[in-house]
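**Q** Pasting a structure below so you can have a look.
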Amino acid sequence: MSEHAPTCVVAEDEALLRRGLLEQLARAWPGLRIVAECEDGAAALEALAEHRPDVAFLDIRMPGLNGLEVAAAAMEATPDTQVVFVTAYDQYAIGAFERGAIDYLLKPVAPERLAATVRRLQQRAVTSDAAVLDALLERLGRAPPRPGAPEPLTWITASAGRETRLILVDDVAYFRADNKYTTVVTAEGEALLRTPIRELLELLDGSRFKQIHRSTIVNLRAVAGIVRDEGGRGTVRLRTRPETLAVSAPFMALFRHM
């Protein structure tokens, strides 16, 4: 751990659980300085790239990018950050974490378990490895869905002027945040969806739709190509649309296998 007061990013989409974890951390590690509190994967990824903290506590299940995806993508920007995953997964997945030698906290977080994790972090005994994270992503992608989780959207209803359109989700090229609403863009044009982009993230198939910017979700099947510039940012070319989409630098790591 560096000589300065250690810094930390905490990402948890449920406000009560996030507040509880912060309170527990304050007791277990009084010298830890929280530099960002995040409620979704995109905010967590950007906070990690901006602050490059010593430690990050990442919830596994968050809207949009999950904690494993955030950690894997952030390794380029902040490789020295020690990551601890916070999870409500059952024993099916816990074995995967243990075999990967990656630290995790099981919800609800027990004080004694958090104290042990803090000791490991202070001794720099928590490590991250891109290959291990990729293997965990593959394994946990086959885990049973959480009870009560809705099926991914198949159709959406959006408005274009006075017309209401029924749009097949497969036909969407990308979604763009539009104040409290979301613009739906297809090959035929645009329509307005009365659902904020953050809520939409929880309803889409995460294996198909990826956030590439705080305000943009792209359908991977609509991507024709990606170009990285010298500053680390990217540009997405689409198969059915003439415009290009900006990919903020922290999100470019999500496309390293494409």
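**Q** Based on the Cβ-Cβ distance of Trp155 and Ala15, what FRET efficiency does E = 1/(1 + (r/R0)^6) give at R0 = 30 Å, to the nearest 0.05?
**A** 0.45
**Q** Roughly what would the spin-label model give for Glu199 and Asn179, points 7 Å off Cα along C-beta, in nm?
**A** Result for the modelled spin labels: 1.6 nm.
**Q** Evaluate the distance, in nm, between pseudo-label points positioned 7 Å from the Cα of Glu243 and of Ala224 along their respective Cα→Cβ axes.
**A** Once both label points are built, they end up 1.6 nm from each other.
**Q** Same structure again: Please get the size of the charge dipole for region 155-255, origin at its Cα centre, with Cβ charges of +1 on Lys and Arg and -1 on Asp and Glu, quoted in debye to the nearest 20.
**A** 120 debye
**Q** Percent antiparallel among DSSP beta bridges with both residues in the chain, to the nearest 5?
**A** Rounded to the nearest five, the antiparallel share is 65 percent.
**Q** Once the principal axes of the Cα atoms of region 155-255 are found, what is the range along each, listed largest first in whole angstroms?
**A** Principal extents (largest minus smallest coordinate, Cα): 44, 25, 23 Å.
**Q** If you don't mind, there's one more thing I want to ask. Can you tell me the length gained on complete extension of the stretch Ala130 to Arg165, counting 0.36 nm per residue apart and subtracting the Cα distance?
**A** 8.4 nm
**Q** Between Glu190 and Ala116, take the C-beta separation as r, use R0 = 51 Å, and let me know the FRET efficiency to the nearest 0.05.
**A** Rounded to the nearest 0.05, the efficiency is 0.50.
**Q** Additional query: Taking Cα pairs under 8 Å and at least six residues apart, what relative contact order does region 7-140 come out at, in percent?
**A** Relative contact order for region 7-140 comes out at 23 percent.
No lab work stands behind these numbers, since they all come straight from the coordinates. Just so it is clear, the model here is predicted, and its values are computed rather than measured. Note that each Cβ is placed from the backbone with ideal geometry, even for glycine, and that neighbours are counted across all protein chains shown.
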